[in-house]
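A quick write-up on the structure given underneath.
The values are calculated or read from the model by the stated rules, or taken from the named source; none is laboratory data. Computed from a predicted model, the values in this text were never measured in an experiment. Here the Cβ positions follow ideal geometry from the backbone for every residue, glycine too, while neighbour counts run over all protein chains shown.
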Amino acid sequence: MNLKKILLTGAAIACLAGAVSANTLRWGSARDINSLDPYSYGSTFTISFLNHVYEGLVRYNADLKIEPALATSWEVLPGNIWRFHLREGVKFQDGADFTADDVVASLTRVSDPASPLKGNLPAYVSSKKVDDHTVDIQVNGTYPLLLNDLTNIHMFDAGWLKAHDAEKPTDVAKKIEGYATFHANGTGPFMVESRVPDSKTVLVANPNWWDKRQGNVDRIEFTPIASAATRVAALLGGEIDFTEAAPLQDLPRLAASPNLKVLEGSELRTIMFGFNMRDKLHNGQPNPFKDLKVRQAVAMAIDLNRIHDKVMRGKGRVSGTYVAPKIPGYSADQDVPVAYDPDKAAQLIKEAGAEGASFELVCANDVWVNEEEICNAVVSMLTRVGLKPTLSIGPNAVQQIKQSSGEADMFSFGWANEPMLDAYSILLQVFETKSDNAGVFNWGGWSYPEIDKLIQSASVEMDRDKRLKMESDALKLVKDNLIMIPFHQQPMSWAVSDKVESVVQQSDNKARHWLTVMKATN
Amino acid sequence: MIVFLIKRLFNAVMVMLVVALMAFMIFRFVGDPIQLMVNEQTTQAEKDALRQSLGLNDPFPVQYARFVAHAVQGDFGVSYRNQQDVMSLIAERFPATFELVLVATIISLVVGVPLGVVTAIHRGRWFSEGLQFLSIIGVSLPSFVIGILLILVFAVMLNIAPSFGRGDVVAIGWWTTGFLTPSGRAALVLPSIALSFYQITLVMRLVRAEMLEVLRSDFVKFARARGIPAWRIHYRHALRNCLMPVVTMTAMNVGSLIAFALITETVFQWPGMGLLFLQAVTFVDIPVMAAYLCIVSFIFVALNTLVDITYALIDPRLRAARS
Amino acid sequence: MTSTDTPAPGRLARLRQSDLWWSFCHHKSAVAAAILLAALILTAFAAPLYVPQNPFDPAQLDLMNAEYPPYWMEGGQWPYLLGTDTQGRDILSAILYGSRISILIGIASVALSLVVGIGLGLVAGYFGGITDNLLMRVGDVLLSIPTILIAILVSAIVRGLLPPGLRDYGAAGVLVLAIVLSAWVQYARTVRAQAAVEKGKEYVQAARLLKVPARRIMLRHILPNTLTPILVAATLNFGMAILTEATLSFLGIGMPASQPSLGTLIRLGNQFLFSGLWWVVIFPVLDLCLLVVSVNLLGDWLRDALNPKLR
């Protein structure tokens, strides 16, 4: 009797264990997320990962169009106020109800002066609870892109923030670690089970998710594997089921493996190279890049097609402009790369008196696809036309400080226009003259009043077509002045094991594993 | 004896204080800590206030004393990169490194001792000369090359061992262990072999040298004369006599193994302290660097002191000579 | 310190040469290692005379030539005998230039730690007292931190402090400094111990009474007696220095990709280990291993040959 009972219990446990491990997705990523706090770091990758746990008021659907999420509907009231009606019956993972207070607390937190993400919500002024499921958001003028901004502003539970003294964004300076950095409580399809930074983060399905679950993943084991070779070894050895960063050079081998499938495409992110436009280079010499001729020469000296063929192995898409075709504001007639002409480049450099000018190219080795190799190739190509570049390479966390503080004479740059998905994003944050809300990423200190004027009129233009025309006119001016040299839309290269039936891959290069379907195992 | 103990402990404490001074100088002078903590919008007044509140305007000795006082309590501040208390960050990684080093040490003894005995007994024979030659190759191969080759052969070509990470671990209190799960044990195989390689050759050479010495000694000659079988002489008497230095060296080398583990951990993405430290180096995460330096040196110094004291307890001659 | 009036090598040669030479000639692996080492060093230093490319000059790298396999394989191109990497860099040229850097760093760090270690060791042993105590305590501290850790910390910190323009050019110097910092202690201790013993001997006392200058006593009488163990240690340390340099470069805190040493080449090539570009990583690995093995074989033979117990 007893024995039978024990056997039964054992069997039940075995079954349970089987069920739990049945649909485990082992995700081997190129890098770790920065934090469990979506407001701690302006990283697209971190935010897209945390989107499994937290959600915004609205979200992008499968066609990258905006659809309701935690808000069901909204309207614009006079006085630059947007009214949102919240979804009822949504619960946080700790059981608390989702209400208007949570929206107000979240927006207050993300717009705090110390919040690294406040640039993602540039027009926000204040928010007010109307009733339990209605919120008013005040913006600073006519502003067409609030919904786009809100797609990636994740909603916290006000009570949870208060209980754990995390109502303000994490502040390293105060020597306290934020509670939200290591704990999470969202409304999303997955819950955080455990996290060891740089080692493993485990998510489990949230059984009480408000939305209909289309995928069948019960558990995600997320492991950062920084080394490309190790990642490939892990894929080939069947140790991981998914990676969002399969090294380009290994795609043929991965695709040839019977147990693996490779998913490719071009993503929205455009890679470009920018210049310092201040009077002096970082080494104190006069800055040759202030001369348009030199910038043109640099563009002519770089053989984009060869980089595409050799470094990118024919993946991705050579681009003549700063935004991908899918981004509103793109115009095809600008999308013609500067023709490769090293002789003309060398001649222009001579004319400008910039022969032998030495400067530093600052690149990172852990952000964009094959960035280190691209930068090495650029150094070779520029050396051959008579310039003297040296390459500074390191992790992004270190390099970006140099780039943003004007220490970089020339630098690599990538912009996906996320989460806004509109060319206004790059125009406002990168190409406009630096001011309070604009030009946050204006690393070279450039200023073109005619471009600023176009951007500012676009920001208050509610007519979509007129607005997009202004944006593409502004982009044309950017191209004419070669503030940056566009390179390409970088390739997406995902790989999945044969345990995965289907994954959804969008051109925003974000994994959405609540949609992922795994094969039934027995 | 008491004098010796006190002297030895005092020495260890002095060394640790100097190490702490180095750690503190890194912390204080490599990059402005304020610059690393604030963001672009912080005003000069706020920076000055922060500087004052962190005590960065105090005289140098005061700051150093405070650093030591905090370090003794295990408070090394907050990691710039992970925004987590440094001590708990390191405590989280310590079990991974410890288990790796433990297994590597065991492997080095289990493989190294018999090899050393064999090469000593059969000195001059072709296989022991061959082993000697192999051991030179063993010390000459950089450990990252061994790691890469092991991954290439056993993980990719043969696909019989995992190439990265620690597998599943079981938490026992704050400790996590990979010994209790099949995937955890499998994950240990390649990294611990890679880490033990160098140590094996050291053990083997030490055992060989000690054995040769002992085999020449009078008591072995007597034993031979008495007709005791050779294997008994070799393994019961001679080996026992040379185990002491082997144990000593093994204990003293645990500290450097922990440090060397950082290379193995990098190659195998093993989530230990070394990987954490190396990431801290590339990201200029000073508190983690300072803490790692102090902790590894502490382990190193503590083991050395312990070995010295044990020796003194066992061997009174040494005690007399030292004090 | 190491001025021309040092008579030590000559004396050592006279004392040891016949024995050593005999032992050397009858030790097959030592002869083989010496020949191999000489060949590796010669080919590396003469490289600019005959390799097809200067791999440190970015203007000579062309993506056009990227990823050729070794010459004897299908698709191989003359003159890229061992193939090219993803940047169009000739692997043979890169290895030879790279091993030149590795060897130079090895020699420089051994030479510098010899000078520092012997100098400080003589002073400490001869004069004793506070100087001795201080120097030996500094040595204790350095020995209480594992060498690899010192090397990583020094190279990370010094590189951080250098102005950006100097970082690439200074990389080799930083590596030498990082290696020397932990290597000198061993020499200092050996010399100090010997100096402390010799100092008490009658001939030194006599010389002192005759007011022979301390410098002369140290260099003429004490130093030669310490040379045997130091020579062995220096040979083995040369191998260790090359390994340490390779390890740091492999970890990404050594030589930059624009002036790759062997370790840097292995780090860069490691990313392509599974992509079929095996030649990018295997050849540098092979060269590094041959280099260190030959040095260690020589060191091993030297230790046995100079050890009176084993003779």
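Would you check which residues across region B:287-305 are of a type in the set (S, T, N, Q) and under 11 Å from the mean Cα position of the chain (by Cα) and list them? Quick ask: steps written out before the conclusion?
Step one: filter region B:287-305 for residues of a type in the set (S, T, N, Q), giving B:297, B:304-305.
Within region B:287-305, B:297 is the sole residue that qualifies.
Among the residues of region A:379-416 satisfying the criterion of being of a type outside the set (A, V, I, L, M, F, W, C), touching a Pro at 6+ places or on another chain (Cβ under 9 Å) and in a loop (DSSP other than H, G, I, E, B), which is farthest from the other protein chains (Cβ to nearest Cβ)? It would help to see each step written out before you state the result.
Start the filter on region A:379-416 by keeping residues that are of a type outside the set (A, V, I, L, M, F, W, C), which leaves A:380, A:383-384, A:386, A:388-390, A:392, A:394-396, A:399-400, A:402-407, A:409, A:412, A:414.
Of the ones still in play, those that are also touching a Pro at 6+ places or on another chain (Cβ under 9 Å) are A:380, A:383-384, A:389-390, A:392, A:402, A:407, A:409.
Of the ones still in play, those that are also in a loop (DSSP other than H, G, I, E, B) are A:407, A:409.
On the way: A:407: 7, A:409: 10 Å.
Taking the candidates together, the pick is A:409.
In the list A:249, A:214, which residue meets the criterion of being in contact with a Phe, Trp or Tyr (Cβ under 9 Å, 6 or more places away or on another chain), in a helix (DSSP H, G or I) and more than 14 Å from chain B (Cβ to nearest Cβ)?
That would be A:249, the only listed residue that is in contact with a Phe, Trp or Tyr (Cβ under 9 Å, 6 or more places away or on another chain), in a helix (DSSP H, G or I) and more than 14 Å from chain B (Cβ to nearest Cβ).
Quickly run through region C:41-99 and pick out the residues that are outside any loop (DSSP other than H, G, I, E, B), of a type in the set (Phe, Trp, Tyr) and at pLDDT below 90. Talk me through it step by step, then tell me what you get.
We begin by selecting, within region C:41-99, every residue outside any loop (DSSP other than H, G, I, E, B); these are C:41-45, C:47-50, C:58-60, C:63-65, C:84, C:90-99.
Then keep just the ones that are of a type in the set (Phe, Trp, Tyr); that gives C:45, C:50, C:97.
Matches in region C:41-99: C:50 only.
Residue-by-condition table, conditions (1) outside the structural domain of residue A:275 (by TED's automatic domain parsing); (2) surrounded by fewer than 21 Cβ atoms within 10 Å (Cβ to Cβ); (3) free of Cβ contacts under 8 Å to residues at least 60 places away in the same chain; (4) on the phi < 0 side of the Ramachandran plot:
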| residue | (1), (2), (3), (4) |
| --- | --- |
| A:432 | no, no, yes, yes |
| A:449 | no, yes, yes, yes |
| A:452 | no, yes, yes, yes |
| A:462 | no, yes, no, yes |
| A:475 | no, no, no, yes |
| A:480 | no, yes, yes, yes |
| A:502 | yes, yes, yes, yes |
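Please state which one of C:291, C:302 is within 11 Å of chain B (Cβ to nearest Cβ) and either among the aromatic types (Phe, Trp, Tyr) or in a helix (DSSP H, G or I) (or both).
Values: C:302 fails: within 11 Å of chain B (Cβ to nearest Cβ).
When all the criteria are applied, what remains is C:291.
Select from region A:504-522 the residues that are in a strand (DSSP E or B) and within 17 Å of the chain's Cα centre (by Cα) and write down the one among them that is surrounded by the most Cβ atoms within 10 Å (Cβ to Cβ). Before you say what the answer is, go through the steps one by one.
Initial filter on region A:504-522 (in a strand (DSSP E or B)): A:505, A:511, A:517-518.
Still in the running and within 17 Å of the chain's Cα centre (by Cα): A:505, A:511.
Details: A:505: 18, A:511: 25.
So the residue we want is A:511.
Please go through region C:274-288 and pick out each residue that is at the interface with chain B (Cβ under 7 Å from one of its Cβ atoms) and surrounded by fewer than 24 Cβ atoms within 10 Å (Cβ to Cβ).
The one that is at the interface with chain B (Cβ under 7 Å from one of its Cβ atoms) and surrounded by fewer than 24 Cβ atoms within 10 Å (Cβ to Cβ): C:285.
Out of the residues in region A:192-208 that are of a type in the set (Gly, Ala, Ser) and within 10 Å of chain B (Cβ to nearest Cβ), which is surrounded by the fewest Cβ atoms within 10 Å (Cβ to Cβ)? Let's see the steps before the verdict.
At the first step, the residues of region A:192-208 found to be of a type in the set (Gly, Ala, Ser) are A:194, A:199, A:205.
Filter again for within 10 Å of chain B (Cβ to nearest Cβ), leaving A:194, A:199.
On the way: A:194: 13, A:199: 24.
So the residue we want is A:194.
For the subset of region C:250-273 comprising residues that are surrounded by 24 or more Cβ atoms within 10 Å (Cβ to Cβ), within 21 Å of residue A:360 (Cβ to Cβ) and more than 10 Å from every other protein chain (Cβ to nearest Cβ), which member is modelled with the lowest pLDDT?
Looking at residues that are surrounded by 24 or more Cβ atoms within 10 Å (Cβ to Cβ), within 21 Å of residue A:360 (Cβ to Cβ) and more than 10 Å from every other protein chain (Cβ to nearest Cβ), I get C:254.
Can you tell me which residue among B:281, B:296, B:267 is free of Cβ contacts under 8 Å to residues at least 24 places away in the same chain, within 11 Å of chain C (Cβ to nearest Cβ) and surrounded by 18 or more Cβ atoms within 10 Å (Cβ to Cβ)? Explain how you work it out, then say what you get.
Details: B:296 fails: free of Cβ contacts under 8 Å to residues at least 24 places away in the same chain; B:267 fails: free of Cβ contacts under 8 Å to residues at least 24 places away in the same chain.
The match here is B:281.
Scanning region A:321-359 for residues that are aromatic (Phe, Trp, Tyr) and assigned to a loop (DSSP other than H, G, I, E, B), which turns out nearest to residue A:473 (Cα to Cα)?
Step one: list which residues in region A:321-359 are aromatic (Phe, Trp, Tyr), which gives A:322, A:330, A:340, A:359.
From what's left, assigned to a loop (DSSP other than H, G, I, E, B): A:322, A:330, A:340.
Details: A:322: 12, A:330: 10, A:340: 25 Å.
Out of the qualifying residues, it is A:330.
Name every residue in region A:176-193 that is out of contact with any His (no Cβ under 6 Å at 6 or more places or on another chain) and at pLDDT below 90, in order of residue number.
Result: A:176, A:177, A:178, A:180, A:181, A:182.
In region C:72-87, which residue that is within 20 Å of residue A:313 (Cα to Cα) and either hydroxyl-bearing (Ser, Thr, Tyr) or in contact with a Lys or Arg (Cβ under 8 Å, 6 or more places away or on another chain) (or both) is nearest to the other protein chains (Cβ to nearest Cβ)?
Across region C:72-87, the extreme among qualifying residues is C:86.
On the basis of being within 14 Å of chain B (Cβ to nearest Cβ), touching a residue at least 60 places away in the same chain (Cβ under 8 Å), under 25 Å from the mean Cα position of the chain (by Cα) and assigned to a helix (DSSP H, G or I), does residue A:235 make the cut?
Values: within 14 Å of chain B (Cβ to nearest Cβ): yes; touching a residue at least 60 places away in the same chain (Cβ under 8 Å): yes; under 25 Å from the mean Cα position of the chain (by Cα): yes; assigned to a helix (DSSP H, G or I): yes.
Yes; evaluated as a whole, the condition is true for this residue.
Is it true that some residue in region A:176-187 is in a strand (DSSP E or B), surrounded by fewer than 20 Cβ atoms within 10 Å (Cβ to Cβ) and more than 22 Å from the chain's Cα centre (by Cα)? Please lay out each step first, then the result.
Of the residues in region A:176-187, the ones in a strand (DSSP E or B) are none.
Checking region A:176-187: not a single residue is in a strand (DSSP E or B), surrounded by fewer than 20 Cβ atoms within 10 Å (Cβ to Cβ) and more than 22 Å from the chain's Cα centre (by Cα).
Quick check, is residue B:223 in a helix (DSSP H, G or I) and within 14 Å of chain C (Cβ to nearest Cβ)? Talk me through it step by step, then tell me what you get.
On the way: in a helix (DSSP H, G or I): yes; within 14 Å of chain C (Cβ to nearest Cβ): no.
So residue B:223 fails the test.
Modelled with pLDDT of 85 or more and closer than 23 Å to residue B:16 by Cβ: which single residue out of B:89, B:141, B:115 fits that description?
Values: B:141 fails: closer than 23 Å to residue B:16 by Cβ; B:115 fails: closer than 23 Å to residue B:16 by Cβ.
Going through B:89, B:141, B:115 in turn, just one is modelled with pLDDT of 85 or more and closer than 23 Å to residue B:16 by Cβ: B:89.
Among the residues of region B:144-157, how many are surrounded by fewer than 21 Cβ atoms within 10 Å (Cβ to Cβ) and modelled with pLDDT under 85?
The total comes to 3.
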